[in-house]
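Notes follow once the structure below has been shown.
Please treat every number below as a calculation from the coordinates, not as lab data. Values in this document were obtained by computation on a predicted structure and should not be read as measured data. Cβ: placed from backbone, ideal geometry, glycine included. Neighbour counts: every protein chain shown.
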Amino acid sequence: MKKAKIEIKYCTGCKWMLRAAWMQQELLQTFEKEIESISLLPEKETGGVFDIKVNGAIVFSYKVSKRFPQPKEIKQHIRDIISPQKDLGHIDR
């Protein structure tokens with residue numbers, strides 16, 4: 001099975017780096033064996049960006065949803081893409 005490449009693009013002007021780093025840490029803990037890399041991509045040109053991509057496909061966009069993702073929903077979306085059989089424990093209950 002090919003391991004996932006995840007990108008988290010965040011707005012530097014909005015000071016969302018800590019939120020992006022926190023989401024990165026959550027995903028690394030949950031998908032330790034399934035992830036090849038997680039990249040944090042600072043966005044300087046366009047304001048209000050907080051996008052999460054898995055293998056090039058957007059799984060969350062702040063501009064589309066007008067809110068930040070909850071870790072639970074992002075973990076479930078990513079699990080469904082990279083490891084559908086994975087039990088997320090209390091998150092799935």
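As a test of the formula, what do you get for the chain when each DSSP H run with n ≥ 4 contributes -39,500 (n - 2.57) and the sum is divided by the residue count, at 222 nm and rounded to the nearest 500 deg cm²/dmol?
It lands at -9500 deg cm²/dmol.
Any idea how far apart S65 and S39 come out in nm if each label point goes 7 Å out from Cα toward Cβ?
Going from the S65 label point to the S39 one covers 2.2 nm.
Taking 7 Å along the Cα-to-C-beta vector as the label spot, tell me the A57-Q76 distance in nanometres, rounded to one decimal.
About 1.8 nm, to one decimal.
In terms of modelled amide H atoms, which long-range or inter-chain residues lie less than 5 Å from the amide H of I35?
Distant-sequence amide H within range of I35: A4.
How far, in degrees from 0 to 90, does helix 17-30 lean away from the longest principal axis of the Cα atoms of the chain, to the nearest 10?
Roughly 10 degrees, rounded to the nearest 10.
Pull up all non-local amide H partners of F60: gap of 5 or more, or a different chain, and H-to-H distance under 5 Å with H placed in the peptide plane.
I52
Once you put a point 7 Å from the Cα of K86 and another 7 Å from the Cα of K3, both along the Cβ direction, what distance in nm separates them?
Between K86 and K3, the simple spin-label model gives 1.2 nm.
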